[in-house]
């Protein structure tokens, strides 16, 4: 089941400029104040950037719980981080 995360990038753990694959540590806005891992594809990404991620949660044997994004879309920052 697809879900959407509105989040702010805390750290770019990995980004392949050739194919856009990224591993990001993000802080979801709203109810969940913890930092989570998102994997997906995005052309350019920077720490502090706000993203909308569409995808689903998966439990990876090696890396633990991750949000696997089908799409990652940069968004304008609105107000302060929550």
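The values are calculated or read from the model by the stated rules, or taken from the named source; none is laboratory data. Just so you know, these numbers come straight off a predicted model, no measurement behind them. Neighbour counts are summed over all protein chains in view; Cβ atoms, including those assigned to glycine, are modelled from backbone coordinates with ideal geometry.
I need the full set of residues from segment 1-24 which are more than 15 Å from residue 68 (Cβ to Cβ) and surrounded by 11 or more Cβ atoms within 10 Å (Cβ to Cβ), in order please. Even if it seems obvious, please write down each step before you answer.
Taking segment 1-24 and keeping what is more than 15 Å from residue 68 (Cβ to Cβ), we get 6, 8-12, 15-19.
Matches in segment 1-24: 6, 8, 9, 10, 11, 12, 15.
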Item to complete: Name every residue in segment 18-49 that is more than 17 Å from residue 3 (Cβ to Cβ), within 13 Å of the chain's Cα centre (by Cα) and touching a residue at least 40 places away in the same chain (Cβ under 8 Å), in order of residue number.
Response: 22, 48, 49
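Could we say that residue 56 is at pLDDT 95 or above, part of a loop (DSSP other than H, G, I, E, B), at negative phi and over 10 Å from the mean Cα position of the chain (by Cα) here? Outline the logic, then answer.
Numbers: at pLDDT 95 or above: yes; part of a loop (DSSP other than H, G, I, E, B): no; at negative phi: yes; over 10 Å from the mean Cα position of the chain (by Cα): yes.
No, not satisfied.
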